[in-house]
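The values are calculated or read from the model by the stated rules, or taken from the named source; none is laboratory data. Just so it is clear, the structure is predicted and the values come from calculations on it, not from any experiment. Because the Cβ atoms are built from the backbone with ideal geometry, glycine has one as well, and the counts that use them run over all protein chains shown.
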Amino acid sequence: MKHIKTLTKKTLKNTMAKGGCGECQTSCQSACKTSCTVGNQSCESQK
Amino acid sequence: MIHQYKSNGYNIVLDVNSGAVHVVDEVTYDVIALFEEKTKEEIIEALETTYAASEIEEAYEEVKTLKEEEQLFTEDIYEKYMTDFKNRKTVVKAMCLHIAHDCNLACRYCFAEEGEYHGRRALMSLEVGKKALDFLIENSGSRVNLEVDFFGGEPLMNWDVVKELVKYGRSREKECNKNFRFTLTTNGVLLNDEIMEFANKEMANVVMSLDGRPEVNDFNRPFRNGKGSYELIVPKFQELAKQREDMSYYVRGTFTREHLDFSEDVKHYADLGFKHMSIEPVVAPPEEPYALREEDIPKILEEYDKLAAEYIKRKKEGKGFNFFHFNIDLEQGPCVAKRLSGCGSGTEYLAVTPWGDFYPCHQFVGNEEFLMGNVYEGITRTDIQDEFKMCNVYAKPKCRECFARYYCSGGCAANAYNFHGNINDAYDIGCEMQRKRVECAIMIKAALSDYEEN
């Protein structure tokens, strides 16, 4: 494409099928302890 | 839903519901803003004083293609999925153990009130700690990874119990098919070689509390006699960080309205040699002099911009650092269930007081309204558990309109409660900051992608 550079394609919908295993880290056990942040966490099943 | 913004010379378009992220030129940026409301002809007419008609048409076709590929203007299709997901039986997978309600510092802004949480000074006994770990194992279903954070007050003031609890947890891992991930949050005052060695062997992550530049740290984090803590703790933190080069650690600070120029504090962490860091807005009742106010927001947002620019600059110079909130993985981040289901407080996550009481999280400790049970009787207030269980972005009207909901999961329930008396509300100043952090994090991806290509 000439006008658009895609940094990331759609990613969320596909995670509905196998998502939700819950093995990932609880958000407040990370560095913050005061603000809920999940976007920067990693998926345990993709490791 | 689309979120489009300009940052550091980049025109960024986020397709909120699919997770797709695009960097576009000026004409496309303007076309996208009109795309849903106007026809192609109307868009050309509206923009042709600024761009050539052929350019507008080209941009329009590209946008149309991406829409057909479900990478722009996608709908939110997750509400029913999430309702079903939240209705599932939950298990407990993480605990914040308040190993010591006591502290050797007297930080100005401490929500734990010098470690005492509106209550009395107390240390957790080994017996209570073991009961808590037993409860976690028994209530974690088939989850393998169990997280236990040693928190306080200052957990090193009860270090022998920490060590014994780690030993106890490890002794039960095999028979129960569990894997404990222990973490430690410390102010560093009592750190020594023995503690560092143990932490490096057993702790999956260590959070070191430091507020940045000497004058800021010592203003915020003095000893009870008023003397600053910087000089004592920084060399210890540097040593621990060096030893944990290949392991997880975070240097973590708090900024308040008394020192809003926090990008300088993050730079200071990097100058001290730390690689992984975070600085968090203070959580405080609005009447406190250090509490953040609405009028501070422009300055705070500017600081995040400055920090993002510095982050990129140092990365390009080969001196990059990891700032917790800019560390977004666009490709392999969490699944949509995780992103929308809230932080898990009160359901997957519990805080345990030194005497064994359960609260939804560390921020609620001491507020009797939220006392949920204890290590001896288990959860006795299932009504509180149920309320927290259904707390997710679809339960929060403000989140429905917000592009950042897939990154913050609806924000902090305790903050919402403190400001509005309702866990399903949102702490507006916190939301403004969160949105800015997400915008910066994505802009950084765009800038670094450019840099790598050239």
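Of all positions in segment B:207-216, none carries a residue that is outside any helix (DSSP H, G or I), surrounded by 18 or more Cβ atoms within 10 Å (Cβ to Cβ), free of Cβ contacts under 8 Å to residues at least 40 places away in the same chain and more than 14 Å from every other protein chain (Cβ to nearest Cβ).
Tell me whether segment B:298-309 contains one or more residues that are touching a Leu at 6+ places or on another chain (Cβ under 6 Å), without any contact (Cβ under 8 Å) to a residue 60 or more places away in the chain and in the same structural domain as B:VAL206 (by TED's automatic domain parsing). Looking for residues that are touching a Leu at 6+ places or on another chain (Cβ under 6 Å), without any contact (Cβ under 8 Å) to a residue 60 or more places away in the chain and in the same structural domain as B:VAL206 (by TED's automatic domain parsing), one finds at least one in segment B:298-309, hence yes. Number of residues in segment A:15-29 that are among the small types (Gly, Ala, Ser) and more than 7 Å from every other protein chain (Cβ to nearest Cβ) equals 1.
Residue-by-condition table, conditions (1) crowded, with 24+ Cβ neighbours inside 10 Å; (2) more than 12 Å from chain A (Cβ to nearest Cβ); (3) without any contact (Cβ under 8 Å) to a residue 60 or more places away in the chain:
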residue	(1), (2), (3)
B:CYS412	yes, no, no
B:ASN415	no, no, no
B:HIS420	no, yes, yes
B:ILE429	no, no, no
B:ARG437	yes, no, no
B:LEU448	no, no, no
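Scanning segment B:202-210 turns up at least one residue that is among the β-branched types (Val, Ile, Thr) and closer than 24 Å to B:HIS101 by Cα. From the list B:PHE111, B:PHE85, B:PHE73, the lone residue that is closer than 21 Å to A:MET16 by Cβ, aromatic (Phe, Trp, Tyr) and in a loop (DSSP other than H, G, I, E, B) is B:PHE73. If only one of B:ARG252, B:ARG293, B:ARG244, B:ARG257 is outside the structural domain of B:ASN8 (by TED's automatic domain parsing), farther than 23 Å from B:TYR406 by Cβ and more than 21 Å from the chain's Cα centre (by Cα), which one is it? Exactly one residue qualifies, and that residue is B:ARG244. Listed conditions (1) free of Cβ contacts under 8 Å to residues at least 60 places away in the same chain; (2) in the same structural domain as B:LYS131 (by TED's automatic domain parsing) are all met by B:HIS101, apart from (1). For segment B:237-259, the tally of residues that are surrounded by fewer than 17 Cβ atoms within 10 Å (Cβ to Cβ) and either assigned to a strand (DSSP E or B) or not charged (D, E, K, R) (or both) stands at 4. If you check A:SER42, A:SER35, A:SER27 for being at pLDDT below 85 and either farther than 12 Å from B:SER409 by Cβ or hydrophobic (A, V, I, L, M, F, W, C) (or both), only one passes: A:SER42.
Going by the structure shown, is B:GLY344 farther than 27 Å from B:GLY421 by Cα and either under 17 Å from the mean Cα position of the chain (by Cα) or of a type in the set (A, V, I, L, M) (or both)? It is false that B:GLY344 is farther than 27 Å from B:GLY421 by Cα and either under 17 Å from the mean Cα position of the chain (by Cα) or of a type in the set (A, V, I, L, M) (or both).
Okay, residues lined up against (1) of a type in the set (D, E, K, R); (2) not in a helix (DSSP H, G or I):
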{"site": "B:GLU127", "(1), (2)": "yes, no"}
{"site": "B:LEU133", "(1), (2)": "no, no"}
{"site": "B:SER140", "(1), (2)": "no, yes"}
{"site": "B:ASP160", "(1), (2)": "yes, no"}
{"site": "B:GLU173", "(1), (2)": "yes, no"}
{"site": "B:LEU184", "(1), (2)": "no, yes"}
{"site": "B:LEU190", "(1), (2)": "no, yes"}
{"site": "B:MET196", "(1), (2)": "no, no"}
